[in-house]
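The values are calculated or read from the model by the stated rules, or taken from the named source; none is laboratory data. What you see is a predicted model, and the numbers here were worked out from it, not measured in a lab. Positions of Cβ are generated from backbone atoms using ideal geometry, with glycine treated the same way; all protein chains shown enter the neighbour counts.
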Amino acid sequence: MVTSKSSAKKYDVVLYGASGFVGRQTVDYFAQSADVQSSGLTWALSGRSADKLEAVRKASGAQQAGILVAEAHDAAAMDALARNARVVLSTAGPFALYGSELVAACVRHGTHYVDITGETPWVKGLIDQHHEAAQRTGARIIPFCGFDSIPSDLSAHLANAAMQERYGEACVQTKVAFSIRGGFNGGTLASLFNMLASGQSDAMADPFLLNPSGTRPANVATHADPLGPRRDADFGAWLGPFMMSMINTRVVRRSAALLGYAKGYQYQEYLRLGKGPLAAMAATSLSVGSFASQAALRLSPIRKLAQKMAPPPGAGPSEASMDGGSFRALWVGHSASGKMVRGMVADKGDPGNRATTKMLCESALALALQFDELPGGPKQGGLLTPASGLGDVLVQRLRAAGMTLQVDPSTV
Ligand SMILES: NC(=O)c1ccc[n+]([C@@H]2O[C@H](COP(=O)([O-])OP(=O)(O)OC[C@H]3O[C@@H](n4cnc5c(N)ncnc54)[C@H](OP(=O)(O)O)[C@@H]3O)[C@@H](O)[C@H]2O)c1
C-alpha cells in the first residue's frame, strides 16, 4: 500500500495535461499499471477542459481516477492542484508557456514534480528561481523525464557506477551513440518553435547552461557540441550530430555536478550511422544538413513556413507508427587509466511517445511508491535531474517495465 504520508493529500499523483497527445497515453499507462492498482494509489486527471478530461477518463476506463480542472495561468487553481497532490506529472507544453505557475506552486507546497520538457532555457530560469526554495520545502522538481533526457542521464549514471564497481576508478568520459526510429508530435514541434522564437539560442548553445553556479569548468570549449562527422573506434562506426544532444548533454552535466562525477568529466552523444562508406557520406551530409536547418529555423519567415507545415498541437504519429518505433543508446565509459565499460539503454516503441510515456510514468511512480529509497534521502529537494533525483530506483522500475538498461551488452 502507499505510505501513510499519502493520506495528508487527496491524490498521490495528478496527471496534468491529460487531454494532450502524450497526456492521453499517460492516462492509459496509469489505468493499466498493475502497480497503480495493487498499491491503492489515488490519482487524478487534470487540465483546462472538464469535457476533454471526462472523455479521456471514459476512453481509458479509469473511472476510479478523479478530475481536477485547472488552467495553467490561474494561480489559485495551480495552488489548489499542488496542495492536493503528492506528485504532479505534467505533459502540458510548451512548458515555457504552461509550466511556470505549476512548478512555482509545487515548490511552495513541497509537491514533487516530473515533466517531459526539453526546453533548457525555461529550466535554467526555474533553477535560478526555485532551486533553493525547493531544497527548503523538500519538493523534488525533476524536468526532462522523457526521451529527453532519461536514456542519456541513465547511460552516464550506469557508466559511472559500473566503472566504480568494477575497477574502483572514476569514469572521466562517457560517449553515447543513438539509433532511433520514430515520429514527431505537433506539441513537440510547437515547443521547438516557441523556444526558437524566444531568441534564446545563445543560452541553448551554452554547454553548461544548467550547471549549479561554481561548477562551470575553465575549458568550456572542450565540451562544445560536436558538429562534424567522425569515425569512432569505440563504436566501430561513423557518428554524426544528434539533434537532441543540445538538451541531453546539459542535463547530464548538471547530474555530473550534483552527483560528483569526476572533475573535468566529459559527456558527448551522437547519432550512429553505420560502418561503411555510405555511412561516412551520411555522416557528412547530416552534419552539413543539421547545421543548415538549425540556422534556417532561426529565421522568422522560414520558421513560420515550417510551423504551417507541421502537425498541430494535439496531433502525433499513428498507433501503428508508434508501435513500430524504437531507440537504442549504446554507451562507452573511460577511466583516466584506460579502463573501459560498455552498455546499452534501449526500448521498443516510438521514443517520443511509447518510451517517453513509460519513462515519465515510472518516474512519477518512483516518487509516489518508493520515495524513501530515492537518492539523497527523504529531505532532498531542489531542481534535480532524473539521475540525481530518481537514480537506481528508476533504473529498476524501467527494467521491470520492459526497458533494456544493460551493462556489457552483446551488441555494440
Ligand atoms: N521529452 C520528450 O521526449 C517529449 C516527447 C513528446 C512530447 N514532449 C513535450 O511534451 C509536451 C506535450 O506534447 P504533446 O504532443 O502531448 O502536446 P499536445 O498534444 O499539444 O498537448 C498539450 C497539452 O497542454 C494543454 N494545454 C494547452 N494550453 C493550456 C492551458 N492554457 N492550460 C492548461 N493546459 C493547457 C493541452 O490542453 P487542451 O487539450 O485543453 O488543449 C494539452 O493537454 C510538449 O512540450 C512536447 O515538446 C516531450
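Would it be correct to say that R57 is within 10 Å of the ligand (Cβ to nearest atom) and assigned to a helix (DSSP H, G or I)? Don't jump to the end; show me each part of the working.
Working: within 10 Å of the ligand (Cβ to nearest atom): no; assigned to a helix (DSSP H, G or I): yes.
Against the criterion (within 10 Å of the ligand (Cβ to nearest atom) and assigned to a helix (DSSP H, G or I)), R57 does not qualify.
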Q) If H131 satisfies every condition in (1) of a type outside the set (D, E); (2) in the same structural domain as G260 (by TED's automatic domain parsing); (3) away from the ligand (no atom under 16 Å from the Cβ); (4) buried (at least 17 other Cβ atoms within 10 Å of the Cβ) but one, which is the exception? A) (2)
Q) Residue check: is G325 assigned by TED's automatic domain parsing to the domain that holds M163, crowded, with 17+ Cβ neighbours inside 10 Å, under 25 Å from N185 (Cα atoms) and modelled with pLDDT under 95? A) yes
Q: Could you please give the count of residues in region 328-362 that are modelled with pLDDT under 95 and of a type in the set (F, W, Y)?
A: 0
Q: Would you mind stating whether Q37 is assigned to a helix (DSSP H, G or I), under 26 Å from the mean Cα position of the chain (by Cα) and either more than 16 Å from the ligand (Cβ to nearest atom) or of a type in the set (F, W, Y) (or both)?
A: yes
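Answer yes or no as to whether V123 is buried (at least 19 other Cβ atoms within 10 Å of the Cβ), part of a strand (DSSP E or B) and either assigned by TED's automatic domain parsing to the domain that holds L384 or of a type in the set (A, V, I, L, M) (or both).
Criteria not met by V123.
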Q: Determine the pairs where a residue that is outside the structural domain of T117 (by TED's automatic domain parsing) and in contact (Cβ under 8 Å) with a residue 60 or more places away in the chain, located within region 16-31, has a partner that is buried (at least 23 other Cβ atoms within 10 Å of the Cβ) and not basic (K, R) with Cβ atoms under 7 Å apart, the partner being 6 or more residues away or on another chain.
A: none
Q) Among G146, G187, which is near the ligand (Cβ under 10 Å from one of its atoms), modelled with pLDDT under 95 and under 20 Å from P313 (Cβ atoms)? A) G187
Q.
With the structure loaded, tell me whether F178 is modelled with pLDDT of 90 or more and within 16 Å of the ligand (Cβ to nearest atom) or whether it fails that test.
A. yes
Q. Considering region 194-219 alone, what residues qualify as being exposed (fewer than 12 other Cβ atoms within 10 Å of the Cβ) and closer than 20 Å to L259 by Cβ?
A. S213, G214
Q: Pairs only if they're at least six apart or on different chains, beta carbon under 7 angstrom, first in region 72-94 and over 17 Å from F30 (Cα atoms) and modelled with pLDDT of 95 or more, second among the aromatic types (F, W, Y) and more than 11 Å from the ligand (Cβ to nearest atom); list them, first residue then second.
A: N84/Y11
